[in-house]
Structures are given as structure tokens and as C-alpha cells.
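To keep things clear, I will list the structure first and then write my remarks on it.
The values are calculated or read from the model by the stated rules, or taken from the named source; none is laboratory data. Being a predicted model, the structure only gives us computed values, none of them experimental. Cβ coordinates were reconstructed from backbone atoms using ideal geometry, including for glycine residues, and neighbour counts include every protein chain displayed.
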Amino acid sequence: MVLVNNPGTWQAIYPPLRHADWHGWTPTDLVFPFFLFIVGVAIPLALGPRREAGEPRGRLVARIARRAAMIFALGLLLHLIPAFDLATLRIPGVLQRIALCYAAAALVFLVTGWRGQAAVAGVALLGYWAAMTLVPVPGFGAGDLGKEGSLAAWIDRALLEGHLWRVSRVYDPEGILSTVPAIATTLAGVLAGQWLRAGRAGGAVVRGLVASGVVAVSVGLLWGRWFPINKPLWTSSYVVFTAGAALLALAACYWVLEMRKARWWAGPFAALGVNALAIFFASSLVAKLLVYYRLHARLFEAGFAPWAGPENASLAFALATCLFWLGVAWALYRRDIRLSV
């Protein structure tokens, strides 16, 4: 997302680095659900041993609530800076959705087994599908999946008027109702994490991940014929499709890293991974300040635009931004500094 969010100019971007305008998907639309999925994978890896060691459930719940509250607060702070205007503060956001999905999935993990987690995810996806296609929206009717007429957009306007995504103001891509299926994305990761912890042989782990991934991708694409794959609405078909893609990616990583032991290439990803939220927050904050103080355009026009075409110059700026933050992450990693919440 550092690459996607920091082009030299938004007027010149290669299509794979853009989000789909509405229905459909691009590689960029896989990034956020992949992150929520891996948050889910980490939940049983982190909380499972604590629960099995007999740590009181109340203490675990307090830990989950504290971490979720801190992530949510960081998201609000990111939206407040630099204007600090509470009247127009956008309340939903990427970090806010991560916080809510983490909290919900972690709590479900604490009180249920894998069947209960699968049931909660299934109910969330089917319930969201039913609500979005059957519940009538005032002025639009039932089943409208447009930017303004969907049930999710109507709820966002009704409850968060003046505090929505400024690009649209009629819906929010991280809005209230669409967070429900996003929780299902995280629960898919929880189920995958438990599969990894089950003590199976490496080949069985990979085969299970691949089989589940192929089925999920196929079901998501098929479901998309009636309930289109759509990231801003986080449709149920989008959840199933992206969860399947994430399962396949996890299977590939597991096979390469754990079975083939080919880890020579993984250093930069490990450095970014251990401080992922911190790097996302810091890079987003710096990007906002550069735009606010009109330094972004100056840097791009002086350092990148003169020697390349618009798309290549814009991509070069984004890559340079990535390299800068990779350098920051690597310095933290080498010093074993983890900026966790």
C-alpha cells in the first residue's frame, strides 16, 4: 500500500496500481483483504498458546480491547492531522477497520472452536448478501449496489453524515455495514492459522491450503455473477474470492519458506512485516504532510518528471518512497526494535 498510495501524480498511474472504480478488481484490491487475512492467521499463533497455558480469559479480552482501541485511535489521529478539524473528521478508515476486525475475530477465536468461527463467518457473508440485495433503501429500493443507493452507503450517510470519506461523501469504503463481511475475511485467516498450528506434515498443510484456496476462488467468482466482486462494498463474493487468493499465496509462501527453506529473499519482507502498522502509519502521515505543505509536487516535478514519461516518473516516485520506508524498516529490524501496539 505504500507503493499504491504514493504515486508521483494521481493523473498518471499504471492500471494494476489503481483500485477498480467499482465492480471488479485489480491486484491493488487484493492488498487490504490480504492484510486482514494475515491478521487473522496471526490470532491463533499469538493467542492460542496463551489460552492453552491457562491465561485468564478476562486478561486476554483486556489485551485485545486495548490493542484494538490503540489502533483505532491511531487511525483517527491520522485523519485529524494536520487540520485537527473535529467537525469533518472522517471516522471510518483503514486502521479503524483493522482494529474492529481484529477485535471481533480475536474475541470469536477465544469463545468458539473452528466450527463456530466458520459459522460466524458464513452467517456474516450470507446475512450481508441478504441485507444488501433484499432490504429496500429509501429513494432507491432494494438491491441497488451503486455508490449512492446501496444499503451500506445509506447507513453510512445516516449515521456518519459529515464524517465520511471526503473523495465521495455519499459512501465510505471502510463504512459501518461493510465491516461485517470484512470480519469474515479476518476469520478466514483465523481458520488458516489454526490449520497451520494443527501439527500436520508440511505437504498436508500445503495441500489443504491450496485445495481450500482453489475452491474459495471458484466460489467467489461464481457468486460474483449475482453479487459482484466489489472492494468498496466489500461484497461477500469479494471476501470469498480474496480469501481464496490469500490461501494460495500463503500456501506458496509456506512451501518456499518452510518446506524448501529458501529464505534468502525474505529479509525485506520480514523487516516490513514486524513493523507493518508503524510503517503504514508513518508513511501515510508523511505523505499527508508533504501534500499539505505542497512539497510532494515539488519533489516530483524536480526529481522525477524531467527524465521519464508521466506513468514511469510517477511509478519511480512511488518506488523511491517504498525504498525509503524499507530503509527505515530495515534499520528498526537490525536493531530488533518493534513498534507494536
When the residues of region 43-58 are filtered to those that are aliphatic (A, V, I, L, M), touching a residue at least 60 places away in the same chain (Cβ under 8 Å) and over 30 Å from residue 228 (Cα atoms), which remaining residue is surrounded by the fewest Cβ atoms within 10 Å (Cβ to Cβ)?
-> 45
If you check 183, 229, which single one turns out to be more than 23 Å from residue 108 (Cα to Cα), out of contact with any Lys or Arg (no Cβ under 9 Å at 6 or more places or on another chain), in contact (Cβ under 8 Å) with a residue 60 or more places away in the chain and buried (at least 20 other Cβ atoms within 10 Å of the Cβ)?
-> 229
Within region 108-139, track down each residue that is among the hydrophobic types (A, V, I, L, M, F, W, C) and more than 23 Å from residue 223 (Cα to Cα).
-> 108, 109, 110, 111, 114
Given the conditions (1) touching a Phe, Trp or Tyr at 6+ places or on another chain (Cβ under 7 Å); (2) modelled with pLDDT under 95; (3) in a helix (DSSP H, G or I), which single one is not true for residue 51?
-> (1)
Matching entry among 8, 40, 24 (being under 25 Å from residue 233 (Cα atoms), buried (at least 17 other Cβ atoms within 10 Å of the Cβ) and among the small types (Gly, Ala, Ser)) = 40
Could you check, for region 69-86, whether at least one of its residues is surrounded by 14 or more Cβ atoms within 10 Å (Cβ to Cβ), of a type in the set (Val, Ile, Thr), over 21 Å from residue 192 (Cβ atoms) and at pLDDT 95 or above?
-> yes
Among the residues of region 115-126, is there at least one that is under 30 Å from residue 283 (Cβ atoms) and among the charged types (D, E, K, R)?
-> no
Out of 247, 257, 222, which single residue is farther than 28 Å from residue 70 by Cβ and buried (at least 21 other Cβ atoms within 10 Å of the Cβ)?
-> 247
Residues in region 102-116 that are among the aromatic types (Phe, Trp, Tyr) and either more than 13 Å from residue 57 (Cα to Cα) or surrounded by fewer than 17 Cβ atoms within 10 Å (Cβ to Cβ) (or both) total 2
Does residue 195 meet the test of being free of Cβ contacts under 8 Å to residues at least 24 places away in the same chain and among the aromatic types (Phe, Trp, Tyr)?
-> yes
Looking at (1) buried (at least 19 other Cβ atoms within 10 Å of the Cβ); (2) part of a helix (DSSP H, G or I), find the lone condition where residue 91 falls short.
-> (2)
Across region 208-262, what is the total count of residues that are of a type outside the set (Lys, Arg), farther than 21 Å from residue 18 by Cβ and assigned to a loop (DSSP other than H, G, I, E, B)?
-> 3
Give the residue, chosen from 313, 282, that is within 19 Å of residue 17 (Cβ to Cβ), of a type in the set (A, V, I, L, M) and part of a helix (DSSP H, G or I).
-> 313
Pick out the one residue from 252, 270 that is surrounded by fewer than 19 Cβ atoms within 10 Å (Cβ to Cβ) and free of Cβ contacts under 8 Å to residues at least 12 places away in the same chain.
-> 252
Collect the residues in region 147-173 that are in a loop (DSSP other than H, G, I, E, B) and free of Cβ contacts under 8 Å to residues at least 40 places away in the same chain, keeping them in residue-number order.
-> 148, 149, 161, 167, 168, 169, 170
